[in-house]
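Before any comments, here is the structure.
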Amino acid sequence: MLQLSRSQIEQIISTDSGAAAAVRDAYIAICDGRANVPPVGHIAFPEAHGDCHIKYGHIAGDDIFAVKIAAGFYDNPACGLPSSTGVVLVFSARTGQMEALLNDEGYLTDLRTGLGGAVATFALCRPEARRFLIVGSGTQAYWLARALRHLAPGGVELSLWGRNAGRAEALAARLGDVRVARNLETACRAAEVIITATPATVPLIRAEWVQPGCHVTAIGADSPGKQELESALVARADQRVADMLSQSLDHGEFATARAEGLITAADCVELGAVLAGSAVGRRRPEDITLADLTGVATQDIAMARTVIARAKAGR
């Protein structure tokens, strides 16, 4: 059985084109009938400001299936610990035998979420968009910035905003050539693309702050009770795109707007269909487009498949 540590996995995969292609295909698999993805397991730890997700599934044609356990405890940085951790268990789809233990400590989740956010963003934003705002200053903001820079067809101007100004300054220094926004409303009004990456439970972004032609990718609402966008913004969007509609309407950014009667399932499309060309993403330059990414098991399967193939090939 193959066993890989985080440091070994980091040598195998990062924000590279092959990993991005795997994530892109993972979204398409949700829509073309290849994905077998049961409902997400979720355990909340409100007293510790944390939660745990169990995501698992299989993509038809793959020799493996995967089970991922990922936890996020968002006060950890204050005591010197990372906010996320996890492990991926990989099994043979032919025999059921365990083939690999990827002790990634949450690295693959952070990486695939950053790549997924970038893939969704460039599929929906205006091609000429350059002013990108990341809302958040944690681990996920870092990987989003890395992925956006890697996939940007013509480069991007990055700014970020965080509740903790010190953490925002530190992240900007780590990334280099990133401006720290002092006022969230002002930054949103100036942005052509807004990407939210926080564990917020009270909306941060108001509908009137978002200008015509802007694209918003929201990735923080991955479990019940989380919400980064005002429901009125979800309702205002000209196109709403989900990584997996059943998840988004249940516990994603679309869930609250649906519960309030502002949108229905018929008002949304899935990202995989946009990427495959069977659904329309952006119709007009002045449209506001919105992607709700809850994180899907096919992404974890794609990451695991890529890591194992590269490890066996001796990369």
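Values in this text are rule-based calculations from the coordinates and carry no lab data. These numbers come from a predicted model, not from an experiment. Glycine also receives a Cβ, built like all others from the backbone with ideal geometry; neighbour counts cover every protein chain displayed.
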Tilt relative to the chain, helix 107-124 - C-alpha long axis, 0 to 90 degrees, to 10: 50 degrees
Using the alpha-carbon atoms, what tilt in degrees (0 to 90, nearest 10) does helix 297-312 show relative to the longest principal axis of the chain? 50 degrees
Once amide hydrogens are built 1.01 Å from N within the peptide plane, the residues lying 5 or more places from residue 242 or on another chain with amide H under 5 Å from its amide H are 269, 270, 271, 292
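Restricting to Cα pairs below 8 Å that are 6+ residues apart, what does the relative contact order work out to for the chain? Please round to a whole percent.
Relative CO of the chain lands at 20 percent.
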Fewest to most Cβ atoms within 10 Å: 214, 268 sort as 268, 214
Using unit Cβ charges (K, R positive; D, E negative) and no other charged atoms, how large, in debye to the nearest 20, is the dipole of the range 124-292 about its Cα centre? 520 debye
Two decimals is fine: what is log10 I(q)/I(0) at q = 0.10, 0.13, 0.14 Å⁻¹ for the chain, from a Debye sum with one equal scatterer on every Cα and no solvent? -0.51, -0.90, -1.05
Quick numbers on the range 1-158, Rg and Dmax over C-alpha atoms in Å, give 16.7, 49
For 312, 68, what ranking results if the residue with the fewest other Cβ atoms within 10 Å of its Cβ goes first? 312, 68
Neighbour-count ranking for 284, 94, 6, 305 (other C-beta within 10 angstrom, fewest to most) reads 94, 284, 6, 305
What residues qualify as long-range amide H neighbours of residue 104, i.e. H under 5 Å apart, gap of 5 or more or another chain, H built at 1.01 Å from N? 88
Quick one: Cα centre-to-centre distance for the range 56-104 and the range 205-236, in angstrom? 29 Å
If one compares the long axis through the Cα atoms of helix 165-175 with the longest principal axis of the Cα atoms of the chain, the angle in degrees, nearest 10, works out at 60 degrees
Once you keep just the Cα pairs under 8 angstrom separated by 6 or more residues, what percentage relative contact order results for the range 124-292? 22 percent
Given the DSSP H assignment, sum -39500 (n - 2.57) over each helix run of at least 4 residues in the chain and divide by its residue total; what's the result at 222 nm in deg cm²/dmol, nearest 500? -10500 deg cm²/dmol
List, largest first, the extents of the alpha carbons of the range 124-292 along their principal axes, each in whole Å. 43, 33, 25
Relative contact order (%) - the range 210-261, alpha-carbon pairs under 8 angstrom, separation at least six: 39 percent
Tell me which GluC sites (Glu not before Pro) from the range 88-147 have a DSSP coil assignment and no more than 16 other beta carbons within 10 Å of their own. 128
If the chain between residue 45 and residue 150 were fully stretched, how many nm would it gain, using 0.36 nm times the residue separation less the Cα-Cα distance? 34.3 nm
Name all residues of the range 265-298 having a backbone nitrogen under 13 Å from the label point set 7 Å from the Cα of residue 246 along its Cα→Cβ direction, giving them as ranges. 297-298
Over what distance in Å are the Cα centres of the range 2-30 and the range 274-315 separated? 11 Å
